[in-house]
Amino acid sequence: MIDGVYVRGERGALRFHEFGAPTHEELTVVARWTHERLGLVLERHGRSLDELAGDDAATDLLGQEQPVLASCYGASAADRQLLGDAPGQQTRKLAHAVREVAKPNDALAEVGGVNVHAGAAVPRRDRQRLERLCRYVARPPIAQERLETTADGRCRYNFRHAWKNGVHAVLLEPLDLLARLCALIPPPRFHMLRDHGVLAATPRRGPRSSQAPKFSALSRHSSRCRSRAIRPRSRGSPSNPLDIHGRGCSRGCSRSTP
C-alpha cells in the first residue's frame, strides 16, 4: 500500500500527501474493520465466523464435497501430521536451545485471526529495496534450496530465520509434505494479491490520477498513416503491414520510402 493519500486541489488536480508511520492503535482499527467486513461477506453467503470456528461437521461443505482437500487444509492449519507413522500428532520440529525473548511489535495488530503488518516501508526512489520487496511478495511457496532429505527418508525444511521459540526446521514425511503443498495451491481463478484504493484495477479516481502522455509529432504522423487506406505494396515490401515510414505506409505518406 502507499504511505499517503491523494487529495484533489482547488483546480481539480490530485496531489499526494505523505503520511507518517501508523501507530499500533491505527493498525488495530484496520484489523477490526477488516474482521467486521469478513463477517458481513460471510453473512451474505449464509455463513458466519462462529460457524467456521466450530467443529460442526454438518456445516462443513468443503468436507462433504472434497474430504481429501479439506483434510489437507485442516492438517496444515492445525500443524499436525496427516499421514505417515503418527497421523494426528504435532509436526516434528528442530529447535535451538537459545530462544529469543518476545517483545511487543508496534507495527503488528491482530483481531480475530486477521493480521495487519505495517513494518516494511520502502522509499519510492530506492529501487533495490523495492525489487527485494516485490520478490518477497511473489516468492514461491517453498525454497527448494532449503529442502533436503534426511538419512531416515524424511523431508527436512530449514527456515531462513529461526522462530522466537528457537525452532529452525521442520521434519515431514514425504506424503505429509505433498499434503502441505496441496493446501498451498489456490483455487482456480483466485488472486492471492489484491490491490485496493487508487491501486485497484478499477479505481474511482484512476483515470484522473495520471495525465495522459503527450503525443509527439512522430506519433501524430503515424496515426494519420494508419488512418488512411493502405494500398497494395510491391513484392519487396516487408510482411508487416503496420510498419511506419517504411514500405508499409501508404503512398500518400510523404515520409515513406518508395
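Please treat every number below as a calculation from the coordinates, not as lab data. Since this is a predicted model, take the numbers as computed values, not measurements. When we count neighbours, we look across all protein chains shown, and the Cβ atoms used for this are built from the backbone with ideal geometry, even at glycine.
Of note:
- Extending 7 Å from Cα along the Cβ direction at residue 33 and again at residue 96 yields two label points whose distance is 3.9 nm.
- 91, 150, 23 arranged by Cβ crowding within 10 Å, fewest neighbours leading: 150, 23, 91
- The slack between residue 143 and residue 43, meaning 0.36 nm per residue of separation minus the straight C-alpha distance, is 32.2 nm.
- Between residue 25 and residue 121, full extension at 0.36 nm per residue minus the direct alpha carbon distance yields a gain of 32.7 nm.
- Charged neighbours of residue 31, selected by a Cβ distance under 14 Å, balance to -3 (K, R count +1; D, E count -1).
- Counted charge near residue 20, where neighbours are those whose Cβ lies closer than 11 Å (Asp, Glu -1; Lys, Arg +1): -3
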